[in-house]
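Asks: Questions regarding the structure given below will be posed in turn.
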Amino acid sequence: MKFNSDEKEFSVTSENLFWKRREFIRSLVGGAASFGLGYAFYAGADSKNNLQGKALQDQLSSEYVITHHNNFYEFSTSKQKPAEMAKDFKPGDDWKIEIGGEVENGGSYSLGDIKSWVNQEERIYRLRCVEAWSMVVPWYGFQLSQLIERVKPTAKAKFVEFKTLHDSKVFPGQKRGTFGMHTLPWPYSEGITMAEAMNPLAFIATGVYGKNLPGQNGAPVRLVLPWKYGFKSIKSIVSIRFTTRQPESTWNKRAPNEYGFYANVNPKVDHPRWSQATERRISDESFFGVKKIPTKMFNGYGDYVSELYKGIDLTRYF
Ligand SMILES: Nc1nc2c(c(=O)[nH]1)N[C@H]1C(S)=C(S)[C@@H](COP(=O)(O)O)O[C@H]1N2
Ligand SMILES: [Mo]
């Protein structure tokens, strides 16, 4: 199901209304059953209190936990603080994104321009953080390939690099010394291969739970790569570049032995400091990270992405 960018309809959808919107189910990529999340939708909608087994695994996380348990180091290394700190960060369609590198139609575009090129839709994806917690998130936005096709990368483009806004007036966490040892090299940057970027699962989110993306979730526009660890899903994007060489990735640069460039969810490759075999599923406030479930290869999206990694040793290229 395609939505146009009718912001009015879009912004009035509360969590309760959201559950009632049965047409939502049709917006799932490839139909409700293909991600195993159709069940999630019904389990969540019809038996919210029956959180056993599979129902728990795929139940949509509540709007509250999605917007109050965040990783956004530009604000804070705390999971709770970004929600409060981001309350005045409400960028709109005039947000600028620089598109450059190996591309025919490069330039500075507003988010409004970009929205006019694409069809927006809602998609439910699991989000698996490298820290071994996870959620199920109803995003709103568009398939990354739509944007890429429009700007026409050249044949030389092999990778896509993304950067977050670098402005310590907006993001106090970018001030020098704020975190001492814990600070990251700013701006936060990420990269993926062209083939990964063109995969139909690769998504650009502009909203969550039927509302514009809140600041703490990466307003006004962020990447969502559900088969990869959450740190690849870079927030508040201001730059997209098509490159010939593998771009730097912030966490990979910070600790290459702990965070690989690919960062595909893989229960068999442990983080040097913890196991990746299971995850704490955060569903709502009463289940804040209590329930442990097994982690799936490619976060359960192998049918869609495993061919991207054929012949690649995923223990070496983690
Ligand atoms: N710019 C930027 N993007 C970021 C991060 C960050 O600190 N800065 N954190 C990443 C991590 S580790 C995760 S798990 C997800 C969390 O997204 P959420 O807060 O919307 O759940 O955002 C990712 N994108
Ligand atoms: Mo993460």
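Asks: Extension gain A277-R245, at 0.36 nm per residue separation less the Cα-Cα distance, in nm?
Replies: Values: separation 32, 0.36 × 32 = 11.52 nm, distance 3.19 nm.
The span from A277 to R245 would gain 8.3 nm if fully extended.
Asks: Modelled label-to-label distance, E98 and Q80, 7 Å Cα→beta-carbon offset: nm?
Replies: Modelled inter-label distance: 3.8 nm.
Asks: I've got another one for you. What FRET efficiency comes out for S108 versus R316 if R0 is 25 angstrom and r is the Cβ-Cβ distance? Round to the nearest 0.05. Each step should come with its number before you reach the end.
Replies: Values: r = 39 Å, r/R0 = 1.55.
That pair, S108 with R316, gives E of 0.05.
Asks: Could you list R273, R150, R280, R128 in order of exposure, starting from the residue whose Cβ has the fewest other Cβ atoms within 10 Å?
Replies: So the ranking, lowest neighbour count to highest, is R273, R150, R280, R128.
Asks: Set the bar at 23 Å for Cα to Cα. Now go through K152/K296; K115/K169; K158/K296; K79/K228; K235/K310 and name every pair that lies beyond it.
Replies: The pairs that break the limit, which is 23 Å between Cα atoms, are K152/K296; K115/K169; K158/K296; K235/K310.
Asks: Can I ask one more? Can you tell me the FRET efficiency between N257 and D88 if r is taken as the Cβ-Cβ distance and R0 is 45 Å, rounded to the nearest 0.05?
Replies: Once the sixth-power term is evaluated, E becomes 0.75.
Asks: Taking 0.36 nm per residue of sequence separation and subtracting the Cα-Cα distance, how much length would be gained by fully extending the chain between K158 and R176, in nm to one decimal?
Replies: Extra length available between K158 and R176 comes to 3.1 nm.
Coordinate-derived values only; no laboratory data. Since the structure is predicted, the reported quantities are computational estimates derived from the model, not experimental observations. Glycine gets a Cβ as well: all are built from the backbone with ideal geometry, and neighbour counts include every protein chain shown.
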